[in-house]
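Okay, structure first, notes after.
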Amino acid sequence: MPYRNARFITNEIIDCEINHPVHGWIPYTLDPADTDSTINNADLLAEMGSDITPYAPPTAAENAAARVALLTHRRATAVLSRAQFIQAVYRAGILTKAEAIAASANVPAFFLTALGSLVTAGAMTQAEADDAEILWLNLLQVERNHPFLPIAQGALNLTTAQVDALFGIGT
């Protein structure tokens with residue numbers, strides 16, 4: 001079967017493209033442990049012979065970029081219900097039990113204080129602070145990248161890693 005761009009992605013597994021009789025050139029991964037016989041891996045491997053680019057481990061820069069991309073994705077997709085978020089904040093020792101119970105039905109005091117400080121500093125209008133307060137009371141879930149989080153993070157002096165941990169994200 002015609003192939004092109006064969007390269008080891010590990011010491012045993014090969015990524016390449018094969019010229020499929022129906023679909024044309026398609027990506028294909030040749031894995032010696034694959035038991036599917038749709039494509040005869042032994043024949044394909046024999047055809048490739050030594051025409052396979054050797055495995056090259058990722059560079060430190062590539063690994064770092066992959067870690068950043070993974071962390072960015074985890075932050076973008078992390079969601080807790082409001083109750084789970086309040087529990088996480090309580091379990092982390094950020095709120096007392098009384099504060100956590102109050103936050104279940106009301107806007108947390110630290111959040112109100114932070115909103116007031118932002119209004120006083122001119123970083124937010126009173127109307128925006130009122131909107132934030134109303135939104136908190138009706139919030140069903142908290143997304144890791146929700147605009148409220150930097151306000152809460154600043155009010156509670158939390159690091160980014162601490163906020164990530166509330167959502168079960170390890171850095």
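Selection over the range 71-120 of residues that are under 18 Å from L158 (Cα atoms), among the charged types (D, E, K, R) and surrounded by fewer than 13 Cβ atoms within 10 Å (Cβ to Cβ) gives a count of 1.
Would a scan of the range 41-60 turn up a residue that is of a type in the set (A, V, I, L, M, F, W, C), within 24 Å of V142 (Cα to Cα) and exposed (fewer than 11 other Cβ atoms within 10 Å of the Cβ)? There is no residue in the range 41-60 that is of a type in the set (A, V, I, L, M, F, W, C), within 24 Å of V142 (Cα to Cα) and exposed (fewer than 11 other Cβ atoms within 10 Å of the Cβ). The single condition among (1) open to solvent by 90 Å² or more (accessible area, probe 1.4 Å); (2) over 19 Å from A152 (Cα atoms); (3) of a type in the set (V, I, T) that T29 does not satisfy is (1).
Checking A161, A123 one by one, the residue that is part of a loop (DSSP other than H, G, I, E, B) and of a type in the set (A, V, I, L, M) is A123 and no other.
Taking residues in the range 121-147 that are under 13 Å from F111 (Cβ atoms) and aromatic (F, W, Y), and partners anywhere that are modelled with pLDDT under 95 and surrounded by 13 or more Cβ atoms within 10 Å (Cβ to Cβ), the pairs with Cβ atoms closer than 8 Å and at least 6 places apart or on different chains are W136/V107; W136/P108; W136/F111; W136/F148.
For the range 3-22, give me each residue that is surrounded by 11 or more Cβ atoms within 10 Å (Cβ to Cβ) and either touching a helix residue (DSSP H, G or I) at 6+ places or on another chain (Cβ under 9 Å) or within 19 Å of A33 (Cα to Cα) (or both).
Correct list: Y3, A6, R7, F8, I9, E12, I13, I14, D15, C16, E17, I18.
Return a yes/no flag: does the range 62-85 have any residue that is in contact with a Lys or Arg (Cβ under 7 Å, 6 or more places away or on another chain), part of a helix (DSSP H, G or I), closer than 24 Å to V142 by Cα and of a type in the set (F, W, Y). Scanning the range 62-85 turns up no residue that is in contact with a Lys or Arg (Cβ under 7 Å, 6 or more places away or on another chain), part of a helix (DSSP H, G or I), closer than 24 Å to V142 by Cα and of a type in the set (F, W, Y). Selection within the range 126-144: residues that are assigned to a loop (DSSP other than H, G, I, E, B) and either among the aromatic types (F, W, Y) or at pLDDT below 95 (or both). The member of this set that is surrounded by the most Cβ atoms within 10 Å (Cβ to Cβ) is L139.
If I ask for residues that are of a type in the set (D, E) and within 13 Å of C16 (Cα to Cα), which ones from the range 29-51 would you list? Scanning the range 29-51 gives D31, E47, D51. Residue check: P21 meets all listed conditions (1) out of contact with any His (no Cβ under 7 Å at 6 or more places or on another chain); (2) modelled with pLDDT of 95 or more but one, namely (2).
The values are calculated or read from the model by the stated rules, or taken from the named source; none is laboratory data. Since we're looking at a predicted model, the values are computed, not measured. Don't worry about glycine lacking a Cβ; one is built from the backbone with ideal geometry, like all the others, and counts go over all protein chains shown. We work out accessible area using only protein heavy atoms, side chains counted, and drop any ligands, DNA or RNA first. Shrake-Rupley method; radii C 1.70, N 1.55, O 1.52, S 1.80 Å.
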